[in-house]
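Rule-based calculations on the coordinates, nothing more; no lab input. Everything numeric in this text was worked out from a predicted model, so none of it was measured. Here the Cβ positions follow ideal geometry from the backbone for every residue, glycine too, while neighbour counts run over all protein chains shown.
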Amino acid sequence: MRAPTWPVAAALLSAAIMLGSGSAAAQPADFIPNDGVYRVGVDMRPGVWESAGPVDPARGCDWRRLWRIEGDNTNMQYIIENNYTKLGPVRVTVKPSDAGFLTRNCGPWRMVPPAPTGSAGF
């Protein structure tokens, strides 16, 4: 006795529909709303970023450019550049070669638009 082929056909059709209807991946952001570790080129774009400064003035703004993302990212070997400040505004240039960016108590970050380039003859 042969098993019905319709369950297999239905499963294959469902798989094809799900694979074919996948949505495009989200683009890296130019705004970081919260503390966390963000992957460069995936979660955020490389470029110049700015924050108003510490959310809680009793604690400083702590940011780190990382060449590797692993664990809680307190390993000093993974830090390319970092700063801890109680002053604001804060600016950092995140490079395309960075693996990640960690931010704590800095508030929201926004990407600074690049300076316009023109051919005004100057």
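The table below lists the values:
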| read-out | value |
| --- | --- |
| Length released on extending from ASN83 to ASP62, taking residue separation times 0.36 nm less the Cα-Cα span | 7.0 nm |
| Whole-Å semi-axes of region 43-111's equivalent ellipsoid (Cα gyration tensor) | 19, 15, 9 |
| Environment charge of VAL112, counting only residues whose C-beta is closer than 9 Å and scoring Lys/Arg +1, Asp/Glu -1 | +1 |
| Under-5 Å amide H pairs with MET44, H placed in peptide plane, nonlocal only | ALA29, ARG39 |
| Formal net charge of residues neighbouring ASP43 (Cβ-Cβ distance under 12 Å; K, R +1; D, E -1) | 0 |
| From phi via Karplus (6.51, -1.76, 1.60), per-residue ³J(HN,Hα) for region 95-105 in Hz, x at Gly/Pro | 8, x, 7, 5, 7, x, 9, 10, 9, 9, 6 |
| Amide proton proximity set for GLU81, modelled H, under 5 Å, gap of 5+ | ARG65 |
| Segment ARG91-PHE31, extension gain: residue separation times 0.36 nm, minus the distance between their alpha carbons | 20.2 nm |
| Phi to ³J(HN,Hα) by Karplus 6.51 cos²θ - 1.76 cosθ + 1.60 over region 61-73, Hz, x for Gly, Pro | 7, 10, 10, 8, 8, 10, 8, 8, 10, 7, x, 8, 6 |
